[in-house]
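Inspection log for the structure reproduced underneath, given as structure tokens.
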Protein chains: 2
Amino acid sequence: MSDHVRIDRTRDRERLATAVEEARAGLAEGGIPIGAALYAPDGTPLGRGRNRRVQDGDPSTHAETAAFRNAGRQRSYRGTTMVTTLSPCWYCSGLVRQFGISRVVIGEARTFHGGHDWLAEHGVEIVLLDDAECVAMMRDFIEKNPALWNEDIGE
Amino acid sequence: MSDHVRIDRTRDRERLATAVEEARAGLAEGGIPIGAALYAPDGTPLGRGRNRRVQDGDPSTHAETAAFRNAGRQRSYRGTTMVTTLSPCWYCSGLVRQFGISRVVIGEARTFHGGHDWLAEHGVEIVLLDDAECVAMMRDFIEKNPALWNEDIGE
């Protein structure tokens, strides 16, 4: 592994920590613990957010769409990175593809496997960190709240 | 064409009129004229909405996601119909697929061809009305606001 790659992963893991912070804040609010953050090509944070189904009674606010919304209007998403604690569902994968977000850094895809393979096929760079903390957080949540989780993914 | 099919199209055209009303309200507000509405399997309106990029500075509110949000939390979308003035982009197509919305009625796909073929491949019933009023409304809007339109579709 080259130094360059190691440096990149360190930065991605730091960014994942921000997404995890969002997820944990959501959990503390009684919500679904998924968090995300969007970064400019130069690394500037553009927006961060979390799933708000429970908190706002809003099924349209997934973590990725919350981060995207909180980033406000942008002329282009070329070179941006979306960091999320969980593999993005079709809704959030569609967001990434439509707006041309270039990279997606994913905490884990063990508890839910969304559309990230489809994104990779369409030229999006996917980084799957397989983070143990993210897996444990979601596994525990799903075990305790199966109906709420199924509602959030339309199952 | 059977009576049954004719009756269905009449109902779909009535629902499209509601989506067009939303689109025209958005245009009057200085926004992007795309509207949508979500209906329960028994025809009950669940939610309606319009693109709010300009009005709220919110790039995450497309017409379909607005209608979906305004419908509030639902346990299941099986049998529901999303009516939209324009072919749904990947973001909105992803919404439909993830939540298992069963039908999508589309005003037109001439000015923008989104993900509706992909949805059809995945079992969603697609009704393309090819409505002249919808085409004219978007054609006129795009001609006058090309930068805003490109921003909304990430181009």
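Panel note: the C-alpha atoms of region B:46-95, placed on their principal axes, show extents of 32, 21, 16 Å (largest first).
Could you check which residue among B:P33, B:P88, B:P41 shows the biggest mean-square fluctuation in a GNM of chain B with a 10 Å Cα cutoff? The residue that fluctuates most here is B:P41. Ordering A:M138, A:V127, A:Q98 by Cα displacement along the dipole of region A:94-155 toward the positive end leaves A:Q98 in first place; charges were set at the Cβ atoms of Lys, Arg (+1) and Asp, Glu (-1).
When the Gaussian network model of chain B links Cα atoms closer than 10 Å, the mean-square fluctuations of B:G57, B:G35, B:G47 top out at B:G57.
Residue and distance for the chain A Cβ closest to the axis that moves A onto B, in whole Å, come to A:G94, 1. Net charge dipole, region B:77-155: roughly 300 debye, given to the nearest 20, about the Cα centre with Cβ charges of +1 for Lys and Arg and -1 for Asp and Glu. Placing +1 on the Cβ of every Lys and Arg and -1 on the Cβ of every Asp and Glu, with no other charges, gives region A:58-122 a dipole of roughly 340 debye about its Cα centre.
When A:P41 is represented by a point 7 angstrom out along its Cα-to-C-beta vector, the spacings to that point in the other copies are 4.9 nm, nearest first.
Within a 10 angstrom radius of each residue's Cβ in A:67-75, how many Cβ atoms of other chains show up on average? Whole number is fine.
Mean shielding by partner chains, rounded to a whole number: 4.
A label point on B:S76, set 7 Å along the Cα-to-Cβ line, lies at 4.6 nm from each of its counterparts in the other copies, closest listed first. Ordering A:A109, A:A40, A:M82 by Cα displacement along the dipole of chain A toward the positive end leaves A:A40 in first place; charges were set at the Cβ atoms of Lys, Arg (+1) and Asp, Glu (-1). The ratio of the alpha-carbon radius of gyration of the protein assembly as shown to the globular-protein estimate 2.2 N^0.38 Å is 0.99.
Is there a quick way to get the dipole size of chain A? I mean about its Cα centre, with the Cβ of Lys and Arg at +1 and of Asp and Glu at -1; what is the value in debye to the nearest 20?
Computed about the Cα centre, the dipole is about 500 debye.
In the assembly of identical copies, B:T10 has its label point, taken 7 Å from Cα in the direction of the beta carbon, separated from the corresponding points by 7.1 nm (ascending, one decimal). Panel order for A:R139, A:R75, A:R24, by other beta carbons found within 10 Å of each beta carbon, from fewest to most: A:R75, A:R139, A:R24.
How big, on average over all directions, is the shadow cast by the Cα convex hull of chain B, in nm²?
Reported value for the Cα convex hull: 8.7 nm².
If R0 equals 45 Å, the separation of the Cβ atoms of A:K144 and B:N145 corresponds to a calculated FRET efficiency of about 0.40. Separation of region A:57-120 from region B:54-73 is 17 Å, based on Cα centroids. Taking label positions 7 Å along the Cα-Cβ direction at both B:S76 and A:E133, the computed distance is 3.9 nm, reported to one decimal. A quarter of the convex hull surface defined by the alpha-carbon atoms of region A:83-155 gives 4.5 nm² as the mean projection. Legend: ranking of residues B:W149, A:W90 from fewest to most surrounding C-beta atoms inside 10 Å; resulting order B:W149, A:W90.
FYI, it's all coordinate maths here, none of it is from the lab. Being a predicted model, the structure only gives us computed values, none of them experimental. Cβ sites come from the backbone with ideal geometry, for glycine too, and all protein chains shown count toward neighbours.
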